Amino acid sequence: MSGLPAPVVILISGRGSNLQAILNETRTGRLPIEIRAVISNNRTATGLQHAAAAGIPTEVIEHRSFPERTQFDNALMQAIDRYQPRLVILAGFMRILGTEFIRHYAGRLLNIHPSLLPAFKGLDTHARALAAGAREHGASVHFVTNDLDGGPVIIQAKVPVLADDTAETLAARVLEQEHRIFPLAIQWAAEERLTLRNGQVLLDGGVQPEQGFGPLPARHAGVTK
Ligand code: GRF
């Protein structure tokens, strides 16, 4: 690695709690990234305020302004590339991105998904985990490919599902883990410690277990590298 912080652009659509966790870790110096911009497809995303409060440039590119999905993707790519990021981070970005966009950032595009992938791809993961009677649930950070929520997993964290859980209580327990594993995965990527080989993620050249690094033990356990 170059020794310089890795330039990144972060895409959000809403609340921005993962963005805030990334900002916090960057501030401590543990996360060697330079957040060059935060871009949202939604001008009311509260995460934009977190970015602005941290002095980070923000942009809004509303998907509704474009008749075609590819036009939105192209406008987004142009905006992102002006910042010349090495990594592009999807932190609660709620638009499906097209083939060309994903190809353009192949191996540099990370997403967090609130389930233990490959279980519960798509939306409403917490309610679906409860409805399925899952005993465990969690979150996954993965590289983005054209297989929606199906790209190679970098790290997962799991939590127990409790008897009296609602989708909200379960979501809160998972979110706490998201805020731990997303900065860690971004750190590994920024330090150039991740490689993709035959669709599998390797950390420091080592072979990764099928389910990623983890699943980590439940909530109070420390993250180990
Ligand atoms: C998180 O649950 C994330 O896993 C999912 O969208 C949510 C975003 O939350 N992709 P926030 O905006 O980071 O608070």
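At 7 Å along Cα-to-Cβ for each site, give me the label-to-label distance between Ala172 and Ala119 in nm.
2.2
When the chain is modelled as a GNM with alpha-carbon springs shorter than 10 Å, which of Val88, Val153, Val60 fluctuates the most?
With Cα springs under 10 Å in the chain, the top fluctuation among Val88, Val153, Val60 is at Val60.
Which length gain, in nm to one decimal place, applies between Arg95 and Leu148 when the Cα-Cα distance is subtracted from 0.36 nm times their residue separation?
So the extension gain works out to 18.0 nm.
Rounded to the nearest Å, what's the spacing between the alpha carbon centres of segment 131-174 and segment 71-113? Just the number, please.
22
Would you mind telling me which residue in Ile61, Ile112, Ile181 has the biggest mean-square fluctuation in a Gaussian network model of the chain, where springs connect alpha carbons within a distance under 10 angstrom?
Comparing Ile61, Ile112, Ile181 in a Gaussian network model of the chain, the most mobile one is Ile61.
If I take R0 = 25 Å and measure r between the Cβ atoms of Ser65 and Asn24 in this structure, what FRET efficiency does the formula 1/(1 + (r/R0)^6) give, to the nearest 0.05? Before the final figure, lay out the partial values.
Working: r = 32 Å, r/R0 = 1.29.
E(calc), rounded to 0.05, equals 0.20.
Averaged per residue, what accessible area in Å² does segment 1-141 show with a 1.4 Å probe, protein chains only?
That works out to 48 Å² per residue.
So what is the diffusion coefficient of the chain in µm² per second by Stokes-Einstein at 10 °C and 1.306 mPa s, using a Kirkwood Rh over Cα pairs?
The Stokes-Einstein estimate is 90 µm²/s.
Between Ala79 and Thr46, how high is the FRET efficiency from 1/(1 + (r/R0)^6) when r is the Cβ-Cβ distance and R₀ = 25 Å? Nearest 0.05.
Computed FRET efficiency for Ala79 and Thr46: 0.80.
Which order do peptides 187-200, 98-111 fall in by mean Cβ count within 10 Å, highest first?
Descending packing order for the listed peptides: 98-111, 187-200.
Whenever you get a sec, line up Glu62, Glu168 from highest to lowest accessible area (probe 1.4 Å, protein heavy atoms).
Of Glu62, Glu168, the descending order of accessible area is Glu168, Glu62.
Could you give each residue of segment 183-190 its phi-based ³J(HN,Hα) in whole Hz, using Karplus coefficients 6.51, -1.76, 1.60 with θ = phi - 60°, and x for Gly or Pro?
Once rounded to whole Hz, the list reads x, 5, 5, 5, 4, 4, 5, 5.
Rank these by accessible area, largest first, 1.4 Å probe: Asp204, Asp164.
Details: Asp204 100, Asp164 125 Å².
I get Asp164, Asp204, largest accessible area first.
Considering amide H positions built from the backbone, and no H for Pro or chain starts, which residues 5 or more places from Val159, or on another chain, come under 5 Å of its amide H?
His137, Gly138
Using 7 Å Cα-to-Cβ label points, what is the Ala131/Leu196 separation (nm, one decimal)?
3.1
Taking amide H positions as placed in the peptide plane 1.01 Å from N, state which residues far from Ile33 in sequence (5 or more) or on other chains have amide H under 5 Å from it.
Long-range HN contacts for Ile33: Ala6.
Which residues' amide hydrogens lie under 5 Å from the amide hydrogen of Asn42, considering only partners 5 or more residues apart or on another chain, with H built in the peptide plane?
Ile61
The values are calculated or read from the model by the stated rules, or taken from the named source; none is laboratory data. Being a predicted model, the structure only gives us computed values, none of them experimental. Neighbour counts are summed over all protein chains in view; Cβ atoms, including those assigned to glycine, are modelled from backbone coordinates with ideal geometry. Heads up: the accessible areas ignore ligands, DNA and RNA and are worked out on the full protein's heavy atoms, side chains in. Shrake-Rupley method; radii C 1.70, N 1.55, O 1.52, S 1.80 Å.
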